[in-house]
Amino acid sequence: MSAPVDIRAGAGSSLREFLHGLPGVDQVGAEARAAMLASRSIKTTAKQWALDMAISMIDLTTLEGQDTPGKVRAICAKAKRPDPADPTAPQVAAVCVYPDLAHLAAAEVKGTGIHVASVATAFPSGRTSVEVKLADAKYAIEAGADEVDMVIDRGAFLAGDYQLVYDEIAAVREVVEDAAHLKVILETGELVTLDNVRRASWLAMLAGADFIKTSTGKVSPAATLPVTLVMLEAVRDFRATHGRQVGVKPAGGIRTAKDAIRYLVLVNETAGEDWLDPDWFRIGASSLLNDLLMQRTKLATGRYSGPDYFTLD
Amino acid sequence: MGKFEYAPAPESRSIVSLRESYGLFINGEFASSADGRAFKTISPATEEVLAEVAEAGPVDVDRAVAAARRAYERTWSVLPAKERGKYLFRIARIIQERSRELAVLESLDNGKPIRESRDVDIPLVAAHFFYHAGWADKLEYAGYGPAPRPLGVAGQVIPWNFPLLMLAWKIAPALACGNTVVLKPAETTPLTALTFAEICQQADLPPGVVNILTGAGDTGKALVTHPGIDKVAFTGSTEVGKEIARECAPTRKKVTLELGGKAANIVFEDAPVDQAVEGIVNGIFFNQGHVCCAGSRLLVQESVYEQVLASLQRRLATLRLGDPLDKNTDVGAINSAAQLARIRELSEVGEAEGAQRWSPPCELPVKGFWFPPTVFTGVSQAHRIAREEIFGPVLSVLTFRTPAEAVEKANNTPYGLSAGVWSDKGSRILWMASRLRAGVVWANTFNKFDPSSPFGGYKESGYGREGGRHGLEAYLDV
Amino acid sequence: MSDTVLSPGDAPPGRLAVRKTYKLYIGGAFPRSESGRSYVVTDHKGGFLANAALASRKDARDAVVAARKAFAGWSAATAYNRGQVLYRVAELLEGRRAQFTAEVRAAEGLGARQAEAVVDAAIDRWVWYAGWADKIAQVRGASNPVAGPFFNFSLPEPTGVVAVIAPEASSLLGFVSVVAPAVVTGNTVVVLASERYPLPAVSLTEVLATSDVPGGVINVLTGRTAEVAPWLASHMDVNAIDLTGAPDSLADDLAVAAAENLKRVLRPAVEDGAAEDWTQPPGLKRMLAYLETKTVWHPTGT
């Protein structure tokens, strides 16, 4: 990729040409690279560092139809103090909720430095009018979210209407302005091919995303190492050609500390250590936190721990 | 200090119990050499002595060949084929059972990273024995006629770069086809071969079917020129391969040779760039570049030269060089002082000839034999580093403009072992593959091996194939 | 040859035969040896048959150049096309059965029926090999079931320029049996015909020149085996050599010389002195000897 392509001129075909002109991704090769990095052995001091870093990168998430104020209060408490028995455990990066509970979450974490991420734009499907999606985003901001996780229109993407997808992201960007940072969920499980993941990543970044995020967590497969690899390559290359750093958030399906550490290795050896920071890399998860805490405890005490010693939420 | 420092993650050595000294394995037993000569094998990473190993002399070669002949005539060629197969299956299983031990031993003796010996070498070793075990009683379907016969006794000489894997490539097909063998491992890497001998004992393999003679060049020469063998199989340098071809010319011995290479790894402008960069790195830095089929010449299309080189240099900065037994090591030690000297010499030639030399920042341990991953740019066909096999982690970068030019440059060498092609266009891949004069063409991948996939060279990279149905021919009287 | 030696007092013969000049066949043309030399070829009784060209090392060099030039086109032709070309040669041979029978009789001293049988076998052998062109890849190729997401296939490819020392004793059948298997798969050849019985081979080149065989695919030299063979064996642009027609001691030296560029060497299976039985089914050995196996890997993914 040479000079940045100005595709905001609106000609849909030059956006298509740009995206289709990106280098392809060989699936087998990408999977092999991800698997090789997953075989790194992270022990002792490295593991300690990684566990703490992973905790500090978590967007502690609850996105269920049955979420109640009580549930949201509980996860906010957990976010602030993940391990009641160990005050040295770091805080998480953010809590992630539906917009109608964002107000409550914001109140609960006020003053702690923990961010409030709200999903928006008819999460998770994104299937409604543009007007409704923008209203949804506005609502999230007014409720006090300082991060907005929007979904792209996957149908439009797969139908080749890249301009529509771009315009929607740009419009949300405008609504969000400086009030929040914008994460764009690609829903890679529905895009399926790694070529599509690469294209969608670039499209989102060109349209103004602050973060690109893999999944809503409602579709399987959600985050995977190969998909995240491709996204990390994209943000790396985008910074090199456009001079702007964009963050990456894998979300969904990351359950164990071992998984989380693998993602950190991936970041370290793909985009590089500038991304090893909660400002540039997040992990969307819920049960992961307890596994990280258990591993942390084992390192500190030398004993394997059990679920009874960690709070459910 | 980087943000995320990987702490040492050593694989434990305790799984290996090294003996102080090892004998020759002849007729099912270990014994000292007839004249008592021995030599030491060291760890190239630390220069510590690992063990003392017997050095086989002419008397020992005689004994081993005689044992192999007896075993061939009385036992192995008489045994029903399916029984032969079952011995090989047993051996394959024991290799799997002892795989961690073998991997650690290989890394200690050879210097290669444990990740490679654990994840690549040893699994392939087991796979080769499994694959060939199944052929033993199916030779009539292999395309060589209704009743192909073995040759008799095979003398086999293997190199130090993939010690146990090269042993598997030689012994598995030889035994499957009904031959008996006398094998000489390389002098710097005898230990896994000697452990294999133990495995043969554990499998109750009839004495004399497999004989292992440790030693150096003289032992190898005595073996391949011995009048009592019917077949010579050699993997090593082209220079020695020619010598062997000359020595065996007046005889009736069947010869197969797997020699050197200077493979072109060709990257087109439409290559899947990130995977191509992995392929380049894998192609020349896997096993420290000690690979006959290494992609030691990068031919990159001129229109994407800057991007590919920048990506490559960025990627090389993440390579981890160090203790072979650390699970995170990517680049291990150079196998010997002699090999290190040769790599250094040719690198100096590269600079003298005007190519530009670059290595990522790399801390080399004090003891042991080490060479940082190195890239030479501004290389053209006329440079020695573009023609001569360096056999180390040194990449020469050249450019081309069109597919025809790429083919021409790739083929413009006396070697012809392997080639790589990176492009997203299927028709171009197949066009290139059909024109590249190389025994193995890797398209959008590199350094992939499988027991069912025939491997071997065109031209001065040798003749004959190892692996697959085609590889059986070397050990049958057809 | 309808020619008889006259003794004094004999009645003059009927019509004087127009004798054939036997030249080399290089690059599709019929040059004399650049050395200008020739040698006397006699029949089995020692009577004069013809002067054959006595090839020099430079003729051998030129023949290799012609063979190399023809290789790209011949090896890139479809297998079907090569099969058709070779079959046409058999058609023309069939038309000239009588001529070749006479040539073989005169050269080797065989009886009429024997000579006919030899010519028939030679034609049939040519036909047999022609039929292999588009099949050898299936018999010798493979799709290999590697343990990973890759498509992997092996195919046979011609090795390049093959030098052939044709059998001494079997001037037509033996000649055909060593040449056809090399060219059917796409190799090009430089053949050194039998030193003692070169003429049937040279007549065969007339058939080649009038068939569709491209110039340079088959090049035929006549001359002294011991003089010319070493130049072929040591030639660095020759990829393989068939030592069938070389006596054992010479063959040893040739094999050693061939090692310099690791030519693929084919040595006769039979012991010193014993002639190979060319009437036996040839099997695949002579085709496989000049085939390289190329294996290609490609990932299977989306």
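Side notes on the structure shown:
- Checked against (1) surrounded by fewer than 20 Cβ atoms within 10 Å (Cβ to Cβ); (2) away from every other protein chain (no Cβ under 14 Å); (3) modelled with pLDDT under 95; (4) more than 30 Å from residue B:4 (Cα to Cα), residue A:3 passes all but a single condition, namely (2).
- Residue in the stretch B:414-429 that is surrounded by fewer than 21 Cβ atoms within 10 Å (Cβ to Cβ), facing chain C (nearest Cβ under 8 Å) and farther than 13 Å from residue C:297 by Cα present: yes
- Inter-residue pairs, beta-carbon under 7 Å, first assigned to a loop (DSSP other than H, G, I, E, B) and in the stretch C:13-38, second among the β-branched types (Val, Ile, Thr), 6+ apart: C:13/C:4; C:24/C:220; C:24/C:222
- Residues that are farther than 20 Å from residue B:24 by Cβ and touching a strand residue (DSSP E or B) at 6+ places or on another chain (Cβ under 6 Å) within the stretch B:143-178 comprise B:144, B:148, B:151, B:169, B:177, B:178, listed in sequence order.
- From the list A:192, A:230, A:184, the one residue that fits, being within 14 Å of another protein chain (Cβ to nearest Cβ), more than 30 Å from residue A:296 (Cα to Cα) and modelled with pLDDT of 95 or more, is A:192.
- Residue that is farthest from residue A:243 (Cα to Cα) [pool: residues in the stretch A:259-281 that are in a helix (DSSP H, G or I) and of a type outside the set (A, V, I, L, M, F, W, C)]: A:259
- Taking the stretch B:52-65 as the range and being of a type in the set (A, V, I, L, M) and surrounded by fewer than 18 Cβ atoms within 10 Å (Cβ to Cβ) as the test, only B:59 passes.
- No other residue among B:18, B:24 is buried (at least 19 other Cβ atoms within 10 Å of the Cβ) and away from chain A (no Cβ under 14 Å) apart from B:24.
- Of the numbered criteria (1) touching a Leu at 6+ places or on another chain (Cβ under 7 Å); (2) surrounded by fewer than 19 Cβ atoms within 10 Å (Cβ to Cβ); (3) within 14 Å of chain A (Cβ to nearest Cβ), the one residue B:8 fails is (1).
- Flag: residue B:428 does not match the condition of being part of a strand (DSSP E or B) and basic (Lys, Arg).
- Selection of strands (runs of 3 or more DSSP E) fully inside the stretch B:248-348 by the criterion of at least 2 residues being within 23 Å of residue B:361 (Cα to Cα) and away from chain A (no Cβ under 14 Å) returns B:297-301.
- Looking across the stretch C:213-225, the residues that are on the phi < 0 side of the Ramachandran plot and over 11 Å from the mean Cα position of the chain (by Cα) come down to C:213, C:214, C:215, C:222, C:224, C:225.
- Qualifying residue in the stretch B:403-413 (condition: touching an Asp or Glu at 6+ places or on another chain (Cβ under 8 Å) and touching a residue at least 12 places away in the same chain (Cβ under 8 Å)): no
- Residue count for the stretch A:29-49, restricted to those that are more than 7 Å from chain B (Cβ to nearest Cβ) and buried (at least 18 other Cβ atoms within 10 Å of the Cβ): 5
Rundown of residues vs (1) surrounded by fewer than 16 Cβ atoms within 10 Å (Cβ to Cβ); (2) at pLDDT 95 or above; (3) under 30 Å from residue B:431 (Cβ atoms); (4) in contact with a Phe, Trp or Tyr (Cβ under 6 Å, 6 or more places away or on another chain), yes/no style:
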residue: C:70; (1), (2), (3), (4): no, yes, yes, no
residue: C:74; (1), (2), (3), (4): no, yes, yes, no
residue: C:87; (1), (2), (3), (4): no, no, yes, no
residue: C:95; (1), (2), (3), (4): yes, yes, no, no
residue: C:101; (1), (2), (3), (4): no, yes, no, no
residue: C:113; (1), (2), (3), (4): yes, yes, no, no
residue: C:116; (1), (2), (3), (4): no, yes, no, no
residue: C:121; (1), (2), (3), (4): no, yes, no, no
residue: C:131; (1), (2), (3), (4): yes, no, yes, no
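- Flag for residue B:404 being surrounded by 22 or more Cβ atoms within 10 Å (Cβ to Cβ) and more than 8 Å from every other protein chain (Cβ to nearest Cβ): no
The values are calculated or read from the model by the stated rules, or taken from the named source; none is laboratory data. Bear in mind that the values here come from a model prediction, so they are computed numbers and not experimental data. Because the Cβ atoms are built from the backbone with ideal geometry, glycine has one as well, and the counts that use them run over all protein chains shown.
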